[in-house]
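**Student:** After the structure tokens below, expect a handful of questions from me.
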Amino acid sequence: MARTFPSLCIAAALAASTCAFAEDAEGNIRVSTVAVGSSFVRSIQDSGSYGNGSSTVTLTRQPNREWKGQTVGVWTASAGPTVLIHPVHGAFHAFVNGDQPVVTFEPAAGWEWPLKVGKSWTRKLTMTTHATNQSVPVEAQITVEAYEDVTTSGGTFKAWRVRSVDNLGNDDVNWVNTDLTIMLKQKLTRTDKHAAGPGVRQTELLSQSIRHE
């Protein structure tokens, strides 16, 4: 799990799979802060270049903190780095171990709100992996494909289906519920253009205890 979770985090950030407010089917935004102590559990199934096997990870909302002079939302994981997000719109700033950055994004990796079926946009950012001090330009085309029912082990919910295709060879489909403000399902696909080779990672919500302040 220690090996698989960081790559799940990076894929989630490139797909921009967390938000911090609620939004209904008409795109009306209503502020909805996830309460400290809220958590959710995901299953992870890997194949190809992602490896082979299954695992689970639990993410838990912690109090906001200061990072590089700004307030960020914090999610800790049962294994792997801590996730730092924008406290309102949920864009990913960084993954860190304590105060040490693991992967950072400039600007923060997020979606354009409000969501609407058929909406599409291009996102450009620089991703830096600090262990190797390597920075990579990322350009992704994001499309909101549908607003639909999605069933997981954790229940059936309404979700936006959002696809992200980028220049690194990732072709990812994400189902996000903006009441719970979490990703319900993902199919993260590395194409044959990816440096690591083709592979698929599928994640699914197993359970959640999300509360809003």
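**Student:** Quick check on the stretch 42-140: take the gyration tensor over C-alpha atoms, sort the square-rooted eigenvalues as a ≥ b ≥ c, and tell me if it's rounded (a/c under 1.5), prolate or oblate.
**Tutor:** Rounded is the answer for the stretch 42-140, as its axis ratio a/c remains below 1.5.
**Student:** Additional query: Between Lys116 and Ser153, how high is the FRET efficiency from 1/(1 + (r/R0)^6) when r is the Cβ-Cβ distance and R₀ = 25 Å? Nearest 0.05.
**Tutor:** Between Lys116 and Ser153 the formula returns 0.30.
**Student:** What list of ³J(HN,Hα) couplings, whole Hz, do you get for the stretch 37-43 from phi and the Karplus terms 6.51, -1.76, 1.60, once you set θ to phi - 60° and write x for glycine and proline?
**Tutor:** Each residue's phi maps through the Karplus curve to give x, 4, 8, 8, 10, 10, 8 Hz.
**Student:** Quick one: net charge around Ser153, please, counting Lys, Arg +1 and Asp, Glu -1 for every other residue with C-beta under 13 Å from its C-beta.
**Tutor:** Local charge sum for Ser153: +1.
**Student:** What is the local net charge at Ser120, summed over the other residues whose Cβ is closer than 12 Å to its Cβ (Lys, Arg +1; Asp, Glu -1)?
**Tutor:** +2
**Student:** Given points 7 Å out from each Cα along the Cα-Cβ axis, report the Val88 to Ser47 separation in nanometres with one decimal.
**Tutor:** The two pseudo-label positions are separated by 4.2 nm.
**Student:** Under 5 Å between amide hydrogens, which residues at least 5 positions from Ser49 or on another chain qualify, with H placed 1.01 Å from N in the peptide plane?
**Tutor:** Sorted by chain and number, the residues that satisfy this are Gly199, Val200.
**Student:** Let me ask you something else. With the Cα gyration tensor of the stretch 4-209 giving a ≥ b ≥ c as the square roots of its eigenvalues, does the rule (a/c under 1.5 for rounded; else a/b larger than b/c for prolate; else oblate) give rounded, prolate or oblate?
**Tutor:** Rounded, since a/c falls under 1.5.
**Student:** Assuming a ≥ b ≥ c are the square roots of the Cα gyration tensor eigenvalues, decide whether the stretch 121-213 counts as rounded (a/c under 1.5), prolate (otherwise, with a/b larger than b/c) or oblate.
**Tutor:** In terms of gyration-tensor shape, prolate.
**Student:** Moving on. Around Leu168, which amide H atoms from residues at least 5 apart in sequence, or from another chain, sit under 5 Å from its own amide H, with H modelled in the peptide plane?
**Tutor:** For Leu168, whose amide H was placed from the backbone, the distant partners under 5 Å are Glu139.
Bear in mind that the values in this text are calculations on the coordinates, not laboratory data. Everything quoted here is computed from the prediction, not taken from an experiment. Neighbour counts run over all protein chains shown; Cβ positions are idealised from the backbone, glycine included.
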